[in-house]
1. Just to check your reading of the model, which residue among 207, 169, 161 is farther than 19 Å from residue 98 by Cα and modelled with pLDDT of 80 or more?
2. From the list 293, 358, 288, 305, which residue is closer than 29 Å to residue 406 by Cα, surrounded by fewer than 22 Cβ atoms within 10 Å (Cβ to Cβ) and touching a residue at least 60 places away in the same chain (Cβ under 8 Å)?
3. With 333, 346 as the choices, which residue is at pLDDT 90 or above and either under 26 Å from residue 411 (Cβ atoms) or out of contact with any helix residue (DSSP H, G or I) (no Cβ under 8 Å at 6 or more places or on another chain) (or both)?
4. Could you please let me know if residue 105 is assigned to a helix (DSSP H, G or I), at pLDDT 50 or above and either in contact with a strand residue (DSSP E or B) (Cβ under 7 Å, 6 or more places away or on another chain) or outside the structural domain of residue 251 (by TED's automatic domain parsing) (or both)?
5. Which numbered condition trips up residue 368, out of (1) over 27 Å from the mean Cα position of the chain (by Cα); (2) surrounded by 15 or more Cβ atoms within 10 Å (Cβ to Cβ); (3) at pLDDT below 90?
6. Any idea which of (1) surrounded by fewer than 18 Cβ atoms within 10 Å (Cβ to Cβ); (2) in contact (Cβ under 8 Å) with a residue 60 or more places away in the chain; (3) part of a loop (DSSP other than H, G, I, E, B) is the one residue 226 doesn't satisfy?
7. Look through region 287-316, keep the residues that are part of a loop (DSSP other than H, G, I, E, B) and at pLDDT below 90, and return whichever of them is nearest to residue 336 (Cα to Cα).
8. Could you please find all residues in region 406-431 being farther than 13 Å from residue 395 by Cα and not in a strand (DSSP E or B)?
């Protein structure tokens, strides 16, 4: 009873602190940003094109805000790594989560070229925010911070410092111009090159305990392309699926990527000739016509056209006039979640306007289904008595580097929706996700 009271008091105090931090953070940013704009060396933009100037200034402000957030994340990650007061640790972690969220938001406004560099920066921001939230939950449950967790925080601190140093150096340079430095309206050259030129280990860190739903399936793994084709041959492949196109650039990495511009958007191809990403620039009709089931069918058809033998599993998100569908390999009724393809479908006409197949390409292989001998009823007994099962499926999931053949129980407690995964070999619960409803649809956490 005493422990329960202490935990309750901890949470009350924590959320009060979080609210104050959020408020103070907003005030602090408003004051600091104005001061930084005055103090940081800024190039003068003297151009008759008012729109160009407005975009330039907005991007610069995002750069400064990113630098401020990284600097504070660096400081607080260092503090919490050496702190031994749970209450103070929770305060610092709440600040870290806010800083990481700000970095994530501002990165979206910076003209950084799509590719590995941007992906690494975004992944760092998202995982830092998630990890800080995860640790607050552990502290609230009465747990002490472990040595491995302190080490992980120090590794994140090192990456935050590296990112800050690179971006701050760019912000203070004479050439810190996004649009009016001759690179054109895209302005992705200088900043992308500067981030990409950092040491190989500048943005690397040990895998975190909390890594988000099924993201272990791509952590520390790289694309392999097999026999490399020329970008001219790649253009022929793109033409087959998307029509006339123009080769734009090559993204250098272990498996080089080719980027092509088509009439309807940008296509990224592996140098082995497989479509890894599609980003459409099509406009939307504005009238919703298709439901989730129809969008799943459209997503399946599009994937099969590209040579991916997958099935639509569920709708992960609905935003404006776009429905996001998760497709995956299915073998003997077992959903292979590591081989996931995300597809965006325009609900007004059924056109696919986006696709990302990196996880599928990294993990796809010949597999033998080795489902356990535990029955569905035996595994279902592991569920909380307040949960009512609404659907059951067989699945292969990867958690912390280990694959599990598990029963997927879709459940509800009358108010909330959950996905619970129970290992078919051991009968033990190995993962649970809660479906979060928000203004952008539904996500799992």
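The values are calculated or read from the model by the stated rules, or taken from the named source; none is laboratory data. If you're wondering where the values come from, they're calculated on a predicted model, not measured in any experiment. Neighbour counts run over all protein chains shown; Cβ positions are idealised from the backbone, glycine included.
1. 169
2. Of the residues listed, the single one that is closer than 29 Å to residue 406 by Cα, surrounded by fewer than 22 Cβ atoms within 10 Å (Cβ to Cβ) and touching a residue at least 60 places away in the same chain (Cβ under 8 Å) is 358.
3. 333
4. Taking the combined requirement at face value, the residue satisfies it.
5. Unmet for residue 368, out of (1) over 27 Å from the mean Cα position of the chain (by Cα); (2) surrounded by 15 or more Cβ atoms within 10 Å (Cβ to Cβ); (3) at pLDDT below 90: (2).
6. All conditions are met except number (2).
7. Among those that are part of a loop (DSSP other than H, G, I, E, B) and at pLDDT below 90, it is 291.
8. 413, 414, 415, 416, 426, 427, 428
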